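**Student:** Can you keep this structure in mind? I'll have questions shortly.
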Amino acid sequence: MFSYIDERIRKVLEEKGRIRTVAGAGGLRLAMIGPIPLPVMDPSSGQEKMLDWYPFVRRTELEEVDGIARGLRDGRPDGLLRLVSSFMCVNSVLVHGDLGQHPRPLVRVHSCCMTSDVFGSMRCDCGPQLRESWRRIFGEGAGALVYMSGHEGRGIGLWAKGVTYLLQDMGQDTYQANESLGLPADSRDFTDAAVALRHLLRPGAAIRLLTNNPMKVDHMRSGGIDVVEQVELVAGVTRHNLRYLHAKRGRGHGFGSLPAPEDQGKG
């Protein structure tokens, strides 16, 4: 709700270089905070790892929320209602190791999936992909993961995603279910991720992108990121998500061999 920063606090953080504006192509600007030290546990090794966390938002969204907050502090009667109903999508870059010194770091751009990342659902492969990405990044000693918080259900949101699950259980695949609601099969945009990464990578650096999705590669390259390798990421294949994985392969996602989908598989 109160997704703004008091101007006095902002000034202190700007003086310390902890809030900055990052410019991209076409006038796109991001506001980025960090680095924020974030100790985490690597479940694959049982060892503590340290990440640098960089939350980032579109500058236009931040300025809109800041303007509403200023009006609220000035006593505008509609300020609270406008602030509660405002929207600001906060994404994150999580960096492990010295990213600025790595010539070809391993990078994962991961779309939010609460059902799998948090709840542990096996209807898709997102949670296992997230964990496998960290295992590989930690194994290399340096890399980054960009977590796109507004990409639930390939951009349709958690509520609509719940409806699509019911449609999938009636026989539709994951893309058809989105389209049945009059929504795009995939409405995600990874442009912001490319802008944030360009700011953190050393000049001239290339990345190896952990993905099966050619659209992510295209968006990174159009955003000025040199993707020298698309690294396949297959994890968490179960009978519950085989139909889902075959549907993704039918839409251009690169996979190795997959078992045939079972009739009782959902998703």
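Computed from the coordinates by the stated procedures, all read-outs in this text should not be read as laboratory data. For clarity, every value in this text was computed on a predicted model and none was experimentally measured. Please note: Cβ atoms are built from the backbone with ideal geometry, for glycine as well, and neighbour counts cover all protein chains shown.
**Student:** Which of LEU181, LEU245 comes first, and how do the rest follow, when ranked by fewest Cβ neighbours within 10 Å? Intermediate values should be presented prior to the final figure.
**Tutor:** Values: LEU181 14, LEU245 24.
With the sparsest Cβ surroundings first, the list reads LEU181, LEU245.
**Student:** Give the relative contact order (percent, whole number) for region 6-55; include only Cα pairs under 8 Å separated by 6+ residues.
**Tutor:** Working: 60 pairs, mean separation 12.7, N = 50.
Reported as a whole number, the value is 25 percent.
**Student:** Quick one: 3J(HN,Hα) in Hz for region 165-181, Karplus 6.51/-1.76/1.60 with θ = phi - 60°, rounded, Gly and Pro as x.
**Tutor:** 4, 5, 5, 5, 5, 8, x, 7, 8, 5, 7, 4, 5, 4, 5, 5, 8
**Student:** Right, something else. Pick out, from GLY155, HIS102, CYS112, the residue whose Cα sits farthest towards the positive end of the charge dipole of region 101-248, with +1 on the Cβ of Lys and Arg and -1 on the Cβ of Asp and Glu.
**Tutor:** Looking along the dipole axis, the top candidate is HIS102.
**Student:** If you average the sequence gap of Cα pairs under 8 Å that are 6 or more apart and divide by the length of region 120-203, what percent do you get for the contact order? Walk me through the numbers before you get to the answer.
**Tutor:** On the way: 40 pairs, mean separation 16.9, N = 84.
Over region 120-203, the number comes to 20 percent.
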